[in-house]
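Read through the structure below, which is laid out as structure tokens, and then see the notes.
The values are calculated or read from the model by the stated rules, or taken from the named source; none is laboratory data. Note that the structure is predicted; figures quoted are calculated from it, not measured. Cβ placement follows ideal geometry from the backbone for every residue including glycine, while neighbour counts extend to all protein chains displayed.
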Amino acid sequence: MMFKVKVRVRVSRNTVTTEEFETMVDQDTFRKCTMSNAKKEVEAAWKNTFFPGAKEIMIMGINKI
């Protein structure tokens, strides 16, 4: 089952900015976003999808909406 979330990320390009976006995720992805060890897997997948050209992203928070 998919549900809508609001995600806050720190994006590193030439400068570091904090950005928010909304997307749909499943329970497994939501769980990974809240676990420090599993965040890297989601961050790697989302970096090129949502932030092309970014050097690195870091998930700061995720909330169901």
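Exactly one residue among 7, 25, 16, 11 is out of contact with any Asp or Glu (no Cβ under 6 Å at 6 or more places or on another chain) and touching a residue at least 40 places away in the same chain (Cβ under 8 Å), and that residue is 7.
For every residue, the table says whether it meets (1) surrounded by 12 or more Cβ atoms within 10 Å (Cβ to Cβ); (2) modelled with pLDDT under 95; (3) aliphatic (A, V, I, L, M); (4) assigned to a loop (DSSP other than H, G, I, E, B).
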site: 4; (1), (2), (3), (4): no, no, no, no
site: 7; (1), (2), (3), (4): yes, no, yes, no
site: 10; (1), (2), (3), (4): yes, no, no, no
site: 20; (1), (2), (3), (4): no, no, no, no
site: 36; (1), (2), (3), (4): no, yes, no, yes
site: 41; (1), (2), (3), (4): yes, yes, no, no
site: 49; (1), (2), (3), (4): no, yes, no, no
site: 53; (1), (2), (3), (4): no, yes, no, yes
site: 57; (1), (2), (3), (4): yes, no, yes, no
